[in-house]
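Visitor: One structure is given below, represented as structure tokens, and several questions about it will come after.
The values are calculated or read from the model by the stated rules, or taken from the named source; none is laboratory data. Everything numeric here is computed off the predicted structure, so don't read it as measured data. Here Cβ is always computed from backbone atoms with ideal geometry, including for glycine, and neighbour counts include all displayed protein chains. What goes into the accessible areas is simple: the full protein's heavy atoms, side chains included, and nothing from ligands, DNA or RNA. Shrake-Rupley method; radii C 1.70, N 1.55, O 1.52, S 1.80 Å.
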Number of protein chains: 2
Amino acid sequence: MNLTARSSQDAAAPAHDRVYRALRTRIMHGEVTPGAALTLRGIGREFEVSMTPAREAVRRLAAEGALFLSSSGRVSTPELTNERIEELAALRALLEVELASRALPRAHMALIDRLQMINATVAEMVSKRDAVGYIRTNLEFHRTLYLRAQAPAMLAMAETVWLQLGPTMRALYGRLRRTDPPQNHRLIIAALKAGDEPGLRLAVRSDVTQGLRLLAG
Amino acid sequence: MNLTARSSQDAAAPAHDRVYRALRTRIMHGEVTPGAALTLRGIGREFEVSMTPAREAVRRLAAEGALFLSSSGRVSTPELTNERIEELAALRALLEVELASRALPRAHMALIDRLQMINATVAEMVSKRDAVGYIRTNLEFHRTLYLRAQAPAMLAMAETVWLQLGPTMRALYGRLRRTDPPQNHRLIIAALKAGDEPGLRLAVRSDVTQGLRLLAG
DNA sequence: CATGCTTTCATGTGATCACAAAGCCCGCCG
DNA sequence: CGGCGGGCTTTGTGATCACATGAAAGCATG
């Protein structure tokens with residue numbers, strides 16, 4: 001008899017996958033700082049696995065750009081240059097504007113309601129100055145919308161970009177002291193309600209590129 | 001003394017990297033058919049390495065979408081649905097139009113000359129009905145142009161899409177019996193010469209999406 | 001001849017080990 | 001006091017092995 005089959009994907013999954021997922025969310029949510037070093041043995045110790053699954057998880061994350069491998073194989077979170085950050089922001093704009101546009105005709109009231117719920121939590125995180133919580137709920141807002149686009153490959157690419165920006169976003173929003181609620185999110189919701197595609201594209205583009213300009217100079 | 005330091009990146013690199021690169025080009029150039037099965041021990045035997053580096057290479061390629069891992073861990077090249085193909089084509093259009101647009105102001109005569117040289121080889125491959133050769137030189141044409149965009153992250157994403165489409169492109173172009181030279185490539189070159197950005201965007205979009213419509217129906 | 005089961009084999013997973021090289025730290029010498 | 005060298009430690013790499021699982025082949029049965 002098989003004792004596996006847990007709730008969703010927490011245990012019962014291969015060890016390397018469990019490690020991969022844990023590290024992935026940690027990086028995407030900005031729980032690690034740019035340039036932070038990781039070691040295979042350290043990861044193995046933390047997750048109580050051997051080096052083998054740790055190595056596979058790291059390799060996979062490195063392939064997605066979430067981790068940087070030095071020439072000697074040392075692994076750390078990437079420290080992005082300003083140029084790279086701007087390029088990734090442009091990628092976010094490109095991909096997410098398209099995703100939002102594709103989601104628009106499928107966005108019904110239930111979705112908009114859920115987006116408003118999530119957005120309330122985003123505002124709460126901003127007011128609490130909880131950087132990690134803000135990043136997490138902000139990404140949840142975007143993902144909830146984009147899921148309606150029915151474009152899994154495109155969404156995967158967008159998430160890859162989020163992953164690459166994770167540690168840097170934390171560092172950015174961490175030193176950003178603002179308490180104003182997410183205005184662009186309101187514009188996105190309004191455009192969704194009105195079925196205004198150009199407005200939606202503009203709002204998404206603004207939301208995605210804002211906060212990443214404040215580093216130049 | 002260290003005997004390493006070869007020409008470029010062929011040997012002297014870690015075994016897993018060597019295996020990764022070999023498999024990657026094989027997949028991207030369409031040298032494998034969709035759904036083809038691979039085994040870790042088989043890869044290890046072919047490249048004279050153990051299972052460990054073979055596993056890392058496979059894991060990395062799977063993370064890029066170049067390989068499909070079944071729930072039991074079996075590895076094969078992906079068999080794409082029509083919807084997935086259309087989505088990837090849309091991604092190509094999105095990314096490559098942007099890359100071409102960014103390359104345009106930097107495209108000097110030397111680049112255009114080189115593109116014309118490559119394009120001659122593309123035409124030759126078409127006339128010889130060499131599917132793999134066609135895919136390889138066609139991608140070289142695009143990559144040569146996009147390198148001028150100075151956008152490494154964006155180029156990497158485009159290459160990831162190529163990788164996912166590799167086996168399918170082979171299957172498509174394999175049963176496509178045409179001998180007409182690549183007309184869209186000429187349009188791209190003409191637009192580059194004229195500095196015509198809208199024309200360039202249109203030409204790239206056409207080139208990228210053509211040949212992927214002929215599967216619907 | 002088709003169908004169901006059982007046995008067998010191939011395959012992925014994860015742990016452990018030996019090895020080489022890259023850091024790192026401490027002490028020595030200028 | 002500062003730069004530098006040598007030994008120690010940490011780290012990644014790759015090989016090998018035991019194990020569990022899932023697929024495939026063979027066999028018997030209807």
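Visitor: Mind checking the mean number of beta-carbon atoms from other chains within 10 Å of the Cβ atoms in B:88-100?
Guide: Counting Cβ atoms of other protein chains within 10 Å of each residue's Cβ and averaging gives 2.
Visitor: Okay, moving on. Tally Lys/Arg at +1 and Asp/Glu at -1 over every other residue whose Cβ is under 9 Å from the Cβ of B:Val132; what's the total?
Guide: That works out to 0.
Visitor: Could I ask something else about it? Name the long-range amide H neighbours of A:Leu67: under 5 Å, sequence gap of 5 or more, or other chain; modelled H, no Pro or chain starts.
Guide: A:Ala62
Visitor: Once you have the Kirkwood Rh of the stretch B:1-121 from its Cα pairs, apply Stokes-Einstein at 25 °C and 0.890 mPa s and quote D in µm²/s.
Guide: It comes out at roughly 142 µm²/s.
Visitor: Closest to the A-onto-B rotation axis, which residue of chain A has its Cβ, and how many Å off the axis is it?
Guide: That would be A:Ala63, 2.
Visitor: Find the relative contact order for the stretch B:28-132 and round it to a whole percent, using C-alpha pairs within less than 8 Å whose residues are 6+ positions apart.
Guide: 25 percent
Visitor: Next question. 7 Å along Cα→Cβ for the label point: how many nanometres lie between B:Thr81 and each equivalent label in the other copies, listed shortest first?
Guide: Label-point separations across copies, in nm and ascending: 4.1.
Visitor: Could you go through the stretch A:113-121 in sequence order and give the Karplus-derived ³J(HN,Hα) for each residue, using 6.51 cos²θ - 1.76 cosθ + 1.60 with θ = phi - 60°, rounded to whole Hz, and x for Gly and Pro?
Guide: 4, 5, 4, 5, 4, 4, 5, 5, 5
Visitor: For the pair A and B, how large is the buried accessible area, both sides, in square angstrom to the nearest 100, if the probe is 1.4 Å?
Guide: For chain A against chain B, roughly 2200 Å² becomes buried.
Visitor: Rg/Rh for chain A: what does it come to with C-alpha atoms and Rh from Kirkwood?
Guide: 1.00
Visitor: List the distances, in nm to one decimal, from the label point of A:Gln150 to the label points of the same position in every other copy, shortest first, placing each label point 7 Å from Cα along the Cα-to-Cβ direction.
Guide: Computed spacing set for this position: 4.2 nm.
Visitor: Only Cα pairs under 8 Å and at least 6 apart count here; give the relative contact order of chain B as a rounded whole percent.
Guide: In percent, rounded to a whole number, it is 27.
Visitor: Per residue of A:51-58, count partner chain C-beta atoms within 10 Å of its C-beta, then hand back the mean as an integer.
Guide: 2
Visitor: At a 1.4 Å probe radius, carbon and sulfur cover how many percent of the accessible area of chain B?
Guide: 50 percent
Visitor: Same structure again: Report A:Glu98's accessible area, 1.4 Å probe, all protein chains in place, as a number in Å² to the nearest 10.
Guide: Spelled out: A:Glu98, probe radius 1.4 Å, area about 40 Å².
Visitor: For the protein assembly as shown, state the average projected area of the convex hull of the C-alpha atoms over all orientations, rounded to one decimal in nm².
Guide: 25.4 nm²
Visitor: What does the copy distance list look like for B:Gly199, label position 7 Å along Cα→Cβ, in nm and ordered from shortest?
Guide: In ascending order, 3.8 nm.
Visitor: Rounded, prolate or oblate for the stretch B:82-209? Axes are the square roots of the Cα gyration tensor eigenvalues, ordered a ≥ b ≥ c, and the cut-off for rounded is a/c under 1.5.
Guide: Cα axes put the stretch B:82-209 in the oblate bin.
Visitor: Please identify, among A:Phe68, A:Phe47, A:Phe141, the residue showing maximal mean-square fluctuation in a Gaussian network model of chain A using a 10 angstrom Cα cutoff.
Guide: For chain A, modelled as a Gaussian network with Cα springs under 10 Å, the answer is A:Phe47.
Visitor: I would also like to ask the following. For n ≥ 4 DSSP H runs only, could you compute -39500 (n - 2.57) per run for the protein assembly as shown, divide by its residues and tell me the 222 nm figure to the nearest 500?
Guide: It comes out at -21500 deg cm²/dmol, rounded to the nearest 500.
Visitor: Something else now. Using the Karplus equation 6.51 cos²θ - 1.76 cosθ + 1.60 (θ = phi - 60°), what ³J(HN,Hα) coupling, rounded to whole Hz, does each residue of the stretch B:46-61 give in order, writing x for Gly and Pro?
Guide: 5, 9, 6, 10, 7, 5, 4, x, 4, 5, 5, 4, 5, 4, 5, 5
Visitor: Over the stretch A:80-198, what is the relative contact order in whole percent, taking alpha-carbon pairs under 8 Å and six or more residues apart?
Guide: The normalised contact order for the stretch A:80-198 reaches 40 percent.
Visitor: Could you size up the charge dipole of chain B around its Cα centre, putting +1 on the beta carbon of Lys and Arg and -1 on that of Asp and Glu, and report it in debye to the nearest 20?
Guide: 260 debye
Visitor: Also: Within a Cβ distance under 12 Å of B:Arg143, other residues only, what is the Lys/Arg minus Asp/Glu net charge?
Guide: Combined, the nearby Lys, Arg, Asp and Glu give 0.
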